[in-house]
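Trainee: Sharing a structure here in structure tokens format.
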Amino acid sequence: MIEAKPVSKYSGYTKLLMYIDAKTFLVQKIEYFDRKHELLKVATFDQYKKFGTLYRIGRIDMKNVQNDKETILL
């Protein structure tokens, strides 16, 4: 897990927690925290496909845990 904090004080997020596969170094999940330091969104990444030496994400599920809305990108 990697914790990232924004440089700009005007960012809408206070931190991101990124969960990365230790073997492949591919991002599995990112948790976004709002200005109140509460969990706002969770993005999960899966269906990776390998193209030569590079990987491409096949699906991203973005869920807003505060208003229960969800977006799926294929």
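What follows is calculated from the coordinates using simple rules that are stated; it is not laboratory data. Being a predicted model, the structure only gives us computed values, none of them experimental. Every residue, glycine among them, receives a Cβ derived from its backbone with ideal geometry; neighbour counts consider all protein chains shown.
Trainee: Using DSSP loop states and a limit of at most 10 other Cβ atoms within 10 Å to flag chymotrypsin sites (Phe, Trp or Tyr not before Pro), what is the longest stretch of the chain containing no flagged site?
Mentor: Numbers: sites that count: Y10, F25.
It works out to 26-74.
Trainee: Now for a different question. Tell me, what is the percent relative contact order of the chain, built from C-alpha pairs under 8 Å that lie six or more residues apart? Spell out each step's value before the answer.
Mentor: On the way: 146 pairs, mean separation 14.0, N = 74.
Result for the chain is 19 percent.
Trainee: Using the Cα centre as the reference, give the magnitude of the dipole from point charges on the C-beta atoms of the chain (Lys, Arg: +1; Asp, Glu: -1; all else neutral), rounded to the nearest 20 debye. Don't skip to the end; give the middle numbers.
Mentor: On the way: 14 positive and 9 negative charges, 47 e Å.
That gives a dipole near 220 debye.
Trainee: Note the count of lysine pairs whose C-alpha atoms are less than 16 angstrom apart in the chain, limited to pairs 8 or more residues apart or on different chains.
Mentor: Taking the chain as the scope, the lysine pair count is 13.
Trainee: From the list (i) 2.78; (ii) 1.35; (iii) 1.21, can you say which value of Cα Rg over 2.2 N^0.38 Å was derived from the structure given?
Mentor: Here the calculated entry is (iii).
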